[in-house]
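Before any comments, here is the structure.
The values are calculated or read from the model by the stated rules, or taken from the named source; none is laboratory data. Bear in mind the structure is a predicted one, so any value in this text is a computation, not a measurement. We place every Cβ from the backbone using ideal geometry, glycine too, and count neighbours over all the protein chains shown.
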Amino acid sequence: MSNPYVPLLILMGIAAVLTIGGVSASAVVGPKRYNRAKLEAYECGIEPTPHAIGGGRFPIKYYLVAMTFIVFDIEVVFLYPWAVSFETLAAFGLVAMLMFLVLITIPFVYEWKRGGLEWD
């Protein structure tokens, strides 16, 4: 009798080889045009402005948009299994998903009204 984890280990090995191969290939083949802005440690690639004396406020708009995307991405991930097993869940599944959608929609509307989805 064979070990049931062998296919999983083979798949993990293939994934590791493809990952290392992709990173190595991009390091060898990719362009090497560095400039001062690319070498800065800043997330969005825009050259950072000098901070105010005493620290000042740090703009977090980029991170808020990213977190909003993650929340709604997770919502879609929860909707897929519900849609697949919709018939077997019956009324309980429908009520549970409607409650989930309402609980996700309330913060979405709140953020929309406060202007969190607008780019300045």
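Here are the numbers for this structure:
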read-out	value
Counted residues, segment 106-120 - those being acidic (Asp, Glu), in a loop (DSSP other than H, G, I, E, B) and within 13 Å of PHE69 (Cα to Cα)	0
Qualifying positions in segment 68-87 - aromatic (Phe, Trp, Tyr) and exposed (fewer than 10 other Cβ atoms within 10 Å of the Cβ)	TYR80
Output for segment 100-118, where each listed residue is of a type in the set (Ser, Thr, Tyr) and within 17 Å of LYS61 (Cβ to Cβ)	TYR110
Options ALA37, ALA91, ALA27: the member that is modelled with pLDDT under 85 and out of contact with any His (no Cβ under 7 Å at 6 or more places or on another chain)	ALA37
